[in-house]
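Enquirer: Provided herewith is a single structure, encoded as C-alpha cells, for subsequent inquiry.
The values are calculated or read from the model by the stated rules, or taken from the named source; none is laboratory data. Since the structure is predicted, the reported quantities are computational estimates derived from the model, not experimental observations. With ideal geometry, Cβ positions are generated from the backbone for all residues, glycine too; neighbour counts draw on all protein chains shown. Heavy atoms of the whole protein, side chains included, go into the accessibility calculation; ligands, DNA and RNA do not. Shrake-Rupley method; radii C 1.70, N 1.55, O 1.52, S 1.80 Å.
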Amino acid sequence: MNPLRSVGARLGLGLAVVVAAALVLVDVIVVPSLERNLVDAKLAQLTEAAPAVGSRLLNTPRETLDDAIQAEASSADARVIYFTALTYYPPNILVVGDSFPVTSADVDDDPVALRAFAEERPASGTVTTGGVRYAEAAYPLLGGPVVLLRASLHDSLRSLHLVRRRLVVAGLIALAASLLVGYVAASIFARRIRRLERAADRIASGDFSEPVVDSTRDELGQLAAAFERMRQRLAQLEHARREFIANASHELRTPLFSLGGFLELMADEELDAKTQAEFTATMREQVARLTKLATELLDLSRLDAGRLTVERERLDLGALASVLAEEFRAVARSTGHQLSVRGIGRTEGVGDAERALQIGRILVENALVHTPSGTPVRLGTARREGSALLTVEDEGPGIPADHAVQVFDRFYRLEGAVASGSGLGLAIAKELAELMGGSVELDASDGRTRFTLVLPAFSDALPFSRENERLEEPSLQ
C-alpha cells in the first residue's frame, strides 16, 4: 500500500503543510513588518533630535565646534556631521565637523543631507555604506549649514535576524513534531476506522454475533454506536426471518400433511356422510390457512416491487366498521371476546375500500388472537384535523413501549405471541395505509391497546362522481 494513501500520513503531511505555511507567513509578513517598525522608530528618534542639535551647533563658535559635535553625538547616541554650503546650484556641501574621528569620506555626498540642503527642509531615510545599513535624519539650518544625524541599524537588525533564525529552528522542530504527532494520532484514528470496517464486513456477511464497540464520544464513536444499533436491528430481523421461515414451513407443512391425511381417509368408501362433511370442513380450514399465508407473501412482494395499486374512493368508515364487526362476530363468540362498535356514524375518508377492509381485518384479528378470552374489543370511528379514523381498541395485556415501533416491522413477533402468526400482518397494514396516503398508529397506554387507521378525510370540495362513488383525479391540462 502506498504510505501516502494512509490517513496517518495524510494528516501528518497536512499538519506539516500548516506549520510550513505559518513559517512562511512569519518570514514574509511578520519579520519585514518588525524590521520596518525598528527602522521607522530609529528614524523618528533621529528626526526628533535633529532640530535641537542643529540649533545648538549653529550658535557654537567655530573654535569649539568639534567639542560641541562630540557632546551632541554622545547625547543623541548617534554620529553627528556638520555640513556647510559650497554652492547652491548645483547643490554642494562640505563636511566641516564630524563626531567620527577617523574619516568623513563616507558622507561627503550623502543623499539625505544633499536632499535636505536642496529642498531646505528636513529629510530622513536609510543608506547603506560599506555593507552596513544606517538610519539618517538631516536638518537644514539658517544660512545654509546642514546637520546630519546618522545611526547604525546593525545591532537592531542583528537582533531581528537572530529572532528569525530562532523562529526557523523552532519551526523546523514544530514541523517534525507535527509530522510525528499527526502520523501517530491519525494511525490511532485509522485503527478505529479499520475496526469499524471489519465490523461492517462481518455485518455484510451476515455475522451479527460480535458487538461493535467504541467507547469514545467523538464522531467516530457515534458512528460506531450507529453501527451497533444497526447490528442489533439486523440481528433481530435475521432472527425474525429465521423464525418466520420456520413458522411458515410449519404453517405450510401442517395443513398439507392434514390435507394429505384427510384425502387418504376420504378415499375410504366406508365413511358415512357426516364424517365426510366434518373432514371437508376441516380441509377447508387448512386451505384457508394456506391461502392467507400465500396472500400475505404475495402482497409483500407486490409492495416491494411497487406493483400494488390502490383506488382513491369515497369510503364510509362507519359502514366499514359495521362490516368488520359482523364478519368477526362469530369468531369473537367462539373465543369468548366481547366485540362491539361505538360512535359509529358517517365518517367519510378517501382510500381503497378493499384495502381498507383488509387493514381492518388485520387489526381486528390481531385483537382477537393476541388477547385472553373475555377481553373487550371495540371498533369506532372519528375525525381529526382533516383525517378520518377507524380505531380497533382492546383491554388486553398491551404492548411494551420498547416494542411499539418494531411491531410494524416484517417478521416481527412479540415474545410469547401466538406461534401461528407470521409477523406480517401489521407490516402489510402499515404499508397499505401509507400507499393510500394514510398511516396506522399505535397507542398502548392506560391498560389498553389501540390501533388506528388514519386516512385523508373526504371533502365536498373534491371533484366526485356519484355514479361510481370514486374520486375523479383533477385534469393536468
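Enquirer: Going by alpha carbons, how many degrees (0 to 90, nearest 10) lie between the helix axis of 65-76 and the longest principal axis of the chain?
Expert: Here the helix axis deviates by roughly 20 degrees.
Enquirer: Students often check this: by mean Cβ neighbours within 10 Å, which of 392-404, 443-455 ranks highest, and how do the rest follow?
Expert: Numbers: 392-404: 16.5, 443-455: 18.2.
Top of the packing list down: 443-455, 392-404.
Enquirer: Here's another thing I want to ask about it. How large a share of the accessible area of the chain, in percent, is made up of carbon and sulfur atoms when the probe is 1.4 Å and the other protein chains stay in place? Don't skip to the answer; put the middle values down first.
Expert: Values: 15480 of 27360 Å².
It is 57 percent, rounded to a whole number.
Enquirer: Then there's this: What is the distance, in nm, between label points placed 7 Å from the Cα along the Cα-to-Cβ direction at Thr282 and at Ser334?
Expert: 1.4
Enquirer: May I ask you to list the lysines whose Cα is less than 20 Å away from that of Lys292, ignoring any residue fewer than eight positions away on the same chain?
Expert: Lys292 reaches Lys430.
Enquirer: May I ask you to list the lysines whose Cα is less than 25 Å away from that of Lys42, ignoring any residue fewer than eight positions away on the same chain?
Expert: The qualifying lysines are none; the list is empty.
Enquirer: Sticking with this structure for a sec: Rounding to the nearest 20 debye, state how big the charge dipole of segment 74-125 is about its Cα centre with +1 on each Lys and Arg Cβ and -1 on each Asp and Glu Cβ. Numbers along the way, then the final one.
Expert: On the way: 3 positive and 8 negative charges, 23 e Å.
Charge dipole of segment 74-125: 120 debye, to the nearest 20.
Enquirer: If you don't mind, another one. Can you give the relative contact order of segment 74-162 as a percent, counting alpha carbon pairs under 8 Å and 6+ residues apart? The partial results should precede the final answer.
Expert: On the way: 155 pairs, mean separation 24.6, N = 89.
That works out to 28 percent.
Enquirer: Same structure again: Enter the angle in degrees (range 0 to 90, nearest 10) between the Cα long axis of helix 353-369 and the first principal axis of the Cα atoms of the chain, meaning the one along which they spread out most.
Expert: Computed tilt is about 80 degrees.
Enquirer: Going highest first, how would you order 105-112, 25-32 by mean Cβ packing within 10 Å? Let's see the in-between values first.
Expert: Values: 105-112: 16.2, 25-32: 12.9.
Put in order of decreasing packing, that is 105-112, 25-32.
Enquirer: Related question: Relative to the longest principal axis of the chain, what angle (0 to 90°, nearest 10) does the C-alpha long axis of helix 425-435 take?
Expert: Roughly 60 degrees between the two axes.
Enquirer: Per-residue ellipticity at 222 nm for the chain, helices alone: DSSP H runs ≥ 4 residues times -39500 (n - 2.57), over residue total, nearest 500 deg cm²/dmol? Could the numbers behind the result be given before it?
Expert: On the way: 10 runs with 247 residues, N = 477.
Calculated at 222 nm, the ellipticity per residue is -18500 deg cm²/dmol.
Enquirer: Right, next: Compare the Cα positions of Ser301, Phe257, Ala176 along the charge dipole of the chain (+1 at Cβ of Lys, Arg; -1 at Cβ of Asp, Glu; about the Cα centre) and return the one farthest towards the positive end.
Expert: Toward the positive end, the furthest listed residue is Ala176.
Enquirer: While we're on this one: Please work out how much length the chain gains when fully extended from Arg229 to Ser439, using 0.36 nm per residue of separation minus the C-alpha to C-alpha distance, in nm with one decimal.
Expert: Numbers: separation 210, 0.36 × 210 = 75.60 nm, distance 2.54 nm.
73.1 nm is the gain from fully extending Arg229 to Ser439.
Enquirer: Find the accessible area per residue for the chain; the probe is 1.4 Å, ligands and nucleic acids are left out, and the unit is Å². Please report the intermediate quantities before stating the final value.
Expert: Numbers: 27360 Å² over 477 residues.
Value returned for the chain: 57 Å² of accessible area per residue.
Enquirer: Relative contact order for segment 49-113: what percent, with Cα pairs under 8 Å and sequence separation of 6 or more?
Expert: RCO, segment 49-113: 24 percent.
Enquirer: Which value in nm describes the separation of the simple spin-label points at Ser75 and Asp108, placed 7 Å from the Cα toward the beta carbon?
Expert: Output for this residue pair reads 3.1 nm.
Enquirer: Are there any trypsin sites (Lys or Arg not before Pro) in segment 292-391 that are in a DSSP loop and have at most 13 other Cβ atoms within 10 Å? List them by number.
Expert: Numbers: sites: Lys292, Arg302, Arg307, Arg312, Arg314, Arg329, Arg333, Arg342, Arg346, Arg355, Arg361, Arg378, Arg383, Arg384; in loops: Arg307, Arg312, Arg346.
Of the trypsin sites (Lys or Arg not before Pro), the ones in loops of segment 292-391 whose Cβ has at most 13 other Cβ atoms within 10 Å are Arg307, Arg346.
Enquirer: Quick one: check the C-alpha center-to-center distance for segment 40-78 versus segment 276-316, whole angstrom.
Expert: Measuring centre to centre over Cα atoms gives 114 Å.
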